[in-house]
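The values are calculated or read from the model by the stated rules, or taken from the named source; none is laboratory data. Keep in mind that what you see is a predicted model, and the values were worked out from it rather than measured. All Cβ positions, glycine included, derive from the backbone under ideal geometry; neighbour counts span all protein chains shown.
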Amino acid sequence: MTQLIKLDNSIVYTESEFRSLHKDTSFPASINYAEFGYAVVFPAPQPEHDLVTQRTQAIAPVLTVKGTWEQRWEVVDVYTDYTDEQGVLRTKAAQEATAVAERFAVAEAVRIAGLWQAAHDYEYAQISGSAIGLITMGVMQAKPKCLAVQGWIKSIWTAYYLRKGNGSTDTSFAMAGPCPHSMPELMIELGV
């Protein structure tokens with residue numbers, strides 16, 4: 001959305017507000033705002049800040065050395081000390097600590113869900129749910145191919161639990177390699 005600055009009073013307007021102020025005027029596709037005493041305010045990147053405890057807010061644009069107007073920003077704290085309705089002081093530090101902890105908890109839940117989904121997808125891309133019953137039968141009968149597939153599955157989930165515990169974001173389970181035996185091989189081994 002284009003922003004404009006009125007040159008005689010430095011008030012910032014949106015283009016739609018400008019058009020509303022001049023509703024009886026038919027504008028060409030490219031408007032020469034200077035004819036109306038306005039200049040375009042060019043966007044500027046917002047400054048780096050802590051997304052949990054700070055926010056940016058637009059402040060008055062400035063005239064640059066290039067002769068153009070540019071948006072400016074300031075970083076302000078999201079939280080301040082205040083006293084709630086029960087007369088309890090809520091400190092900025094306590095509010096920030098809660099916000100950071102909540103943000104971390106959400107990020108951690110997303111990380112773990114992503115790890116679990118990647119492990120699950122890797123396993124199920126090679127073994128369908130119907131194969132699990134065959135593998136279970138074969139493991140109970142100590143069939144070597146079924147035991148090998150069980151070991152392969154364990155390697156995937158062992159990696160998952162290790163990564164879950166150590167904070168890893170590695171979602172590749174290719175280190176387990178391909179499933180060592182196919183469904184037809186397991187069926188032959190079990191005689192089905």
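Miscellaneous remarks
- Residue count for segment 87-105 satisfying the condition of being more than 18 Å from Gln54 (Cα to Cα) and either at pLDDT below 95 or assigned to a helix (DSSP H, G or I) (or both): 1.
- One residue stands out in segment 140-192 among those that are of a type in the set (A, V, I, L, M) and without any contact (Cβ under 8 Å) to a residue 12 or more places away in the chain: the one that is nearest to Ala105 (Cα to Cα), namely Leu162.
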